[in-house]
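K.L.:
One structure coming up, written as structure tokens, with questions to follow.
The values are calculated or read from the model by the stated rules, or taken from the named source; none is laboratory data. Small disclaimer: the values here were computed from a predicted structure and weren't measured. Cβ placement follows ideal geometry from the backbone for every residue including glycine, while neighbour counts extend to all protein chains displayed.
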Amino acid sequence: MALLEFSAAELLAWRRAQLAEGGRAVDLDWLLDLGGGLRWSVLQQLHLDPLRSVVLERSLEQLAIIWKQHLDNSIPLQHLVGCCPWRDVVLEVSAAALIPRQETELLLDFALPGLAQQPFGRWADLGTGSGAIAVALARALPDWRGHAVDCSREALALAERNLQRFAPHASWQLHHGSWWEPLRPWWGELSLVLTNPPYIPDAELAQLEPVVRDHEPHLALCGGADGLEACRHVIDGAMQALRPGGWLLMEHHHDQSDAVLALMRQQGLQEVAYKSDLLAIRRFAIARHPEHNYK
Ligand SMILES: C[S@@+](CC[C@H](N)C(=O)[O-])C[C@H]1O[C@@H](n2cnc3c(N)ncnc32)[C@H](O)[C@@H]1O
């Protein structure tokens, strides 16, 4: 990739001109970082040192074109540069799958600490999309066997590229199909299942920001009339698919905590609990298969 050199003053003037067209500074700085290779911390230093020179990975003209496409058509910047940072990696992303969200990273923080002493097990990521959760599990649990499921072949192709790139030596498989169904051969053996299912109620879809509504797959967003269709499918199958003592961790919508926890209890799952996101909203549900003879 050709490296392009600019003065700090030139770059800061360009930045002001772009923001005069519209958009948020935080997004433009994200583009400079992920699209131009200019770390945010370096950008901050330029304000103090306008004589300094800066090296970018794309020209300012190319970055301006991307910014304009984002402003004019509400195309996510992640789609325009083809990547998104997630935990300790920068994943490939595309319109084939949901852009992995920062809040979903918390699912891993809730799941992993208790498994530190667990040398072997079998994990699954239901509705893997870009493969974000599967990549994180495969990297954190390299001696486990893993399964990433999605009903979108395009999403699975993207997940495969991310898994091959970021967890090439871990043991994982991709499965095309609906929720637990393709994992039937391993029912009763799954120690850890994470899922971020589609959970937006149909009626809310029209109110989403155009950058989401018009560019992210509706298959990844729409959870049916009450938003809980996919959550119900996953919870209904958990008792059969989890191994005794196995864990299910699920992300859900901001107002679904009570309903999801009730569904988990109705199915006989135990140690049912909520967890909150960075804004202190109850956004995750955790439950465990009841027999605690977990080895
Ligand atoms: C909210 S996205 C989550 C993607 C990714 N796990 C993440 O957190 O960024 C939900 C995913 O579930 C998939 N999905 C929807 N219906 C499904 C089904 N019946 N069976 C399996 N996957 C499904 C979608 O294709 C999408 O990739």
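K.L.:
Given the conditions (1) touching a Ser or Thr at 6+ places or on another chain (Cβ under 8 Å); (2) outside the structural domain of L208 (by TED's automatic domain parsing); (3) surrounded by fewer than 17 Cβ atoms within 10 Å (Cβ to Cβ), report the number of the one that E57 does not fulfil.
P.N.:
It fails just one condition, (1).
K.L.:
Where the second residue is more than 9 Å from the ligand (Cβ to nearest atom) and hydroxyl-bearing (S, T, Y) and the first is in contact (Cβ under 8 Å) with a residue 60 or more places away in the chain and lies in the range 145-162, which pairs have Cβ atoms under 7 Å and are six or more apart or on separate chains?
P.N.:
L158/S94
K.L.:
With assigned to a helix (DSSP H, G or I), of a type outside the set (S, T, Y) and buried (at least 19 other Cβ atoms within 10 Å of the Cβ) as the only criterion, which of L63, L38 stands out? If you could, list the steps in order and put the result at the bottom.
P.N.:
Details: L38 fails: assigned to a helix (DSSP H, G or I).
Sole residue among the options that is assigned to a helix (DSSP H, G or I), of a type outside the set (S, T, Y) and buried (at least 19 other Cβ atoms within 10 Å of the Cβ): L63.
K.L.:
Sticking with this one: State whether the residues of the range 54-67 include one that is closer than 26 Å to A220 by Cα, of a type outside the set (V, I, T) and modelled with pLDDT of 95 or more.
P.N.:
Checking the range 54-67: at least one residue is closer than 26 Å to A220 by Cα, of a type outside the set (V, I, T) and modelled with pLDDT of 95 or more.
K.L.:
Consider A111 carefully, then state whether it is touching a residue at least 60 places away in the same chain (Cβ under 8 Å), closer than 15 Å to Q173 by Cβ and of a type in the set (G, A, S).
P.N.:
no
K.L.:
What's the number of the only condition in (1) outside any loop (DSSP other than H, G, I, E, B); (2) touching a Leu at 6+ places or on another chain (Cβ under 9 Å); (3) closer than 21 Å to E105 by Cβ that S130 fails to meet?
P.N.:
It is condition (1) that S130 fails.
K.L.:
Name the single residue, out of those in the range 88-123 being within 11 Å of the ligand (Cβ to nearest atom) and not in a helix (DSSP H, G or I), that is surrounded by the fewest Cβ atoms within 10 Å (Cβ to Cβ).
P.N.:
Selected residue: R101.
K.L.:
Could you run through the range 154-189 and say how many residues are touching a strand residue (DSSP E or B) at 6+ places or on another chain (Cβ under 8 Å), within 15 Å of the ligand (Cβ to nearest atom) and of a type outside the set (S, T, N, Q)?
P.N.:
So the answer is 16.
A quick yes/no check of all residues on (1) in contact with a strand residue (DSSP E or B) (Cβ under 8 Å, 6 or more places away or on another chain); (2) over 29 Å from L28 (Cβ atoms):
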position: H47; (1), (2): no, no
position: L60; (1), (2): yes, no
position: W67; (1), (2): no, no
position: P76; (1), (2): no, no
position: L91; (1), (2): yes, no
position: V149; (1), (2): yes, yes
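K.L.:
So, one more: For the range 206-238, give me each residue that is within 20 Å of A97 (Cβ to Cβ), away from the ligand (no atom under 13 Å from the Cβ) and either part of a helix (DSSP H, G or I) or aliphatic (A, V, I, L, M) (or both).
P.N.:
Initial filter on the range 206-238 (within 20 Å of A97 (Cβ to Cβ)): 208-224, 227, 229-231, 233-234.
If we keep only those that are away from the ligand (no atom under 13 Å from the Cβ) as well, we get 209-211, 213-215.
Matches in the range 206-238: P210, V211, R213.
K.L.:
Could you list all residues from the range 77-87 that are within 13 Å of the ligand (Cβ to nearest atom) and either in a helix (DSSP H, G or I) or in contact (Cβ under 8 Å) with a residue 60 or more places away in the chain (or both)?
P.N.:
If the condition is that a residue be within 13 Å of the ligand (Cβ to nearest atom) and either in a helix (DSSP H, G or I) or in contact (Cβ under 8 Å) with a residue 60 or more places away in the chain (or both), then Q78 is the only one that fits.
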